[in-house]
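The structure appears right after this line, and notes come after that.
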Amino acid sequence: MIPFVDLKAQYLGIKDEVNAAIQGILETSQFTLGQEVAAFEEEFAAYCQARYGIGVNTGTSALHLALLAAGIGPGDEVITVPFTFVATVAAIHYTGARPVFVDIDPRTFTMDVRGIEAAITERTKAIIPVHLYGQPADMDPILEIAGRRGLVVIEDAAQAHGAEYKGRRVGSLGDMGCFSFYPGKNLGAYGEGGMVVTDDPDYTRTIRMLRDWGAEQKYRHVLKGYNYRLEGLQGAVLRVKLRYLEVWTEARRVDAAHYDELLAGSGVATPEAMAYARHVYHIYAIRTPQRSAWQEALQAKGIHTGIHYPIPVHLLPAYADLGYAPGDFPHAEQAAGEVLSLPMFPELTRAQCEEVGEAVALLAKQPDIEDA
Ligand SMILES: *Cc1c(COP(=O)(O)O)cnc(C)c1O
């Protein structure tokens, strides 16, 4: 059996350090925020080449607070993509602003920058590019348009810890960058977690207050805040794991290169890494019009796959009120119907890659396979 991800294999490799870090929190009893979280904020911000990091309880909260710090609220519009995890859009909705979608570039699965200008209105306040699957969106044109039109850029880097755009780490390219430490992400907590990174001291001050009930000091609430604090246990575990992130990222890149090699010439559409990118392969997604048949055939061989994501957000029932219809974003819709995520995690062995690659290449040789 080849799992889609294997969090236990990773734990076994760092067990003693993780156990000691958890023990440390039990001893100090700093269960929420505290020294380990503060140290992790500094270390992760530095890793992202940003000045400040503000730890929060989820990646969704990171996006929510980044939008609030940018002053976004009812009556505003925020541009993003429909081909993303629903959280990107939910965070916009939480502020009362309206999500406005731009289609994706089918080569990269990230925002098609050629669609941005047409989506801007006098209500537009921000753009949220999503570095989907671990590949940065094409940031230069996005930053150029945002600069010219006075828009804030908030990166959704939830899938892209350590990814680089033209040699610079994501998260520090826009005004703010938002990360998730959901267990399955490239840097995962043992529970939930998230962070905003930024170079801006004002955004930092506001987000620090908002995550902790809007308090400037204890019981002096100057903003209407939230309980979005990062737990001490998560900070302590994430500090240990951050020390391994580069090694794990390189392992993912090696696995991706193996898949690329194994599938070269097979006719299977493999992910395209752009020349500007250090792709960190949170997800390695191939494309096939016969996806359900392929997924079933692989499952029958014990190979677990995933679909990220089967329905673009503009067609989800929850967001029907936005008024979008099938056909509005054809590249997002086609990708949602065709993408298939192969097993991808740092501990995946070369032999496992070969087993998966060979199984997929074999499927590509059966053009008349029935789509289930
Ligand atoms: C995971 C994810 C989020 C949300 O992060 P949580 O920590 O689960 O709240 C937001 N955007 C994208 C693209 C994600 O993959």
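The values are calculated or read from the model by the stated rules, or taken from the named source; none is laboratory data. Since this is a predicted model, take the numbers as computed values, not measurements. Note that we place each Cβ from the backbone using ideal geometry, even for glycine, and neighbour counts take in every protein chain shown. We work out accessible area using only protein heavy atoms, side chains counted, and drop any ligands, DNA or RNA first. Shrake-Rupley method; radii C 1.70, N 1.55, O 1.52, S 1.80 Å.
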Problem set entry | Only listed residue being among the small types (Gly, Ala, Ser) and either in a loop (DSSP other than H, G, I, E, B) or open to solvent by 40 Å² or more (accessible area, probe 1.4 Å) (or both), chosen from Ala335, Ala320 | Ala320
Seminar exercise, completed: Residue pairs qualifying under the 7 Å Cβ cut-off, at least six apart or on distinct chains, with the first in segment 268-280 being assigned to a loop (DSSP other than H, G, I, E, B) and the second being surrounded by fewer than 17 Cβ atoms within 10 Å (Cβ to Cβ) and small (Gly, Ala, Ser), are Val268/Ala361
For this session: Could you name every one of the helices (runs of 4 or more DSSP H) located completely within segment 1-98 that has at least 1 residues being open to solvent by 10 Å² or more (accessible area, probe 1.4 Å), outside the structural domain of Ala297 (by TED's automatic domain parsing) and within 23 Å of Gly115 (Cβ to Cβ)?
Result: 87-95
For this session: Name every residue in segment 124-137 that is under 25 Å from Val247 (Cα atoms) and either in the same structural domain as Ile307 (by TED's automatic domain parsing) or outside any strand (DSSP E or B) (or both), in order of residue number.
Result: His131, Leu132, Tyr133, Gly134, Gln135, Pro136, Ala137
For this session: Please find, within segment 120-143, the residue that is most open to solvent (accessible area, probe 1.4 Å) out of those that are more than 16 Å from the ligand (Cβ to nearest atom) and over 30 Å from Thr270 (Cβ atoms).
Result: Glu122
For this session: Please state which of the following conditions Gly55 fails to meet, knowing it meets all the rest: (1) within 16 Å of the ligand (Cβ to nearest atom); (2) without any contact (Cβ under 8 Å) to a residue 40 or more places away in the chain.
Result: (2)
Seminar exercise, completed: Here the residues within segment 157-207 that are farther than 17 Å from Gly55 by Cβ and within 10 Å of the ligand (Cβ to nearest atom) are Gln159, Ala160, Gly184
For this session: Test Glu216 against the stated conditions and say whether it is assigned by TED's automatic domain parsing to the domain that holds Ala46 and modelled with pLDDT under 95.
Result: yes
For this session: For Phe40, state whether it is closer than 21 Å to Gly188 by Cα and within 16 Å of the ligand (Cβ to nearest atom).
Result: yes
Problem set entry | Leu340, sole failed condition from (1) open to solvent by 20 Å² or more (accessible area, probe 1.4 Å); (2) in a strand (DSSP E or B) | (1)
For this session: Kindly provide the set of residues from segment 196-235 that are open to solvent by less than 40 Å² (accessible area, probe 1.4 Å) and outside any helix (DSSP H, G or I), ordered by number.
Result: Val196, Val197, Thr198, Arg211, Gly214, Ala215, Gly225, Tyr228, Leu230
Seminar exercise, completed: Within segment 343-372, the count of residues that are surrounded by 11 or more Cβ atoms within 10 Å (Cβ to Cβ) and more than 21 Å from the chain's Cα centre (by Cα) comes to 18
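Residues checked against (1) surrounded by 20 or more Cβ atoms within 10 Å (Cβ to Cβ); (2) outside the structural domain of Ile92 (by TED's automatic domain parsing); (3) assigned to a loop (DSSP other than H, G, I, E, B); (4) without any contact (Cβ under 8 Å) to a residue 60 or more places away in the chain:
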site: Glu117; (1), (2), (3), (4): no, no, no, yes
site: Arg148; (1), (2), (3), (4): no, no, no, yes
site: Ile154; (1), (2), (3), (4): yes, no, no, no
site: Gly191; (1), (2), (3), (4): no, no, yes, yes
Problem set entry | Restricting segment 75-89 to residues that are of a type in the set (A, V, I, L, M, F, W, C) and either at pLDDT below 95 or closer than 17 Å to Glu333 by Cα (or both), the residue that is nearest to the ligand (Cβ to nearest atom) | Phe85
Exercise. Of all the residues that make up segment 252-265, how many are open to solvent by 30 Å² or more (accessible area, probe 1.4 Å) and either of a type in the set (Gly, Ala, Ser) or out of contact with any Asp or Glu (no Cβ under 9 Å at 6 or more places or on another chain) (or both)?
Worked result: 7
Seminar exercise, completed: Over segment 11-40, the set of residues more than 25 Å from Val197 (Cα to Cα) and not aliphatic (A, V, I, L, M) is Tyr11, Gly13, Lys15, Asp16, Glu17, Asn19, Gln23, Gly24, Glu27, Thr28, Ser29
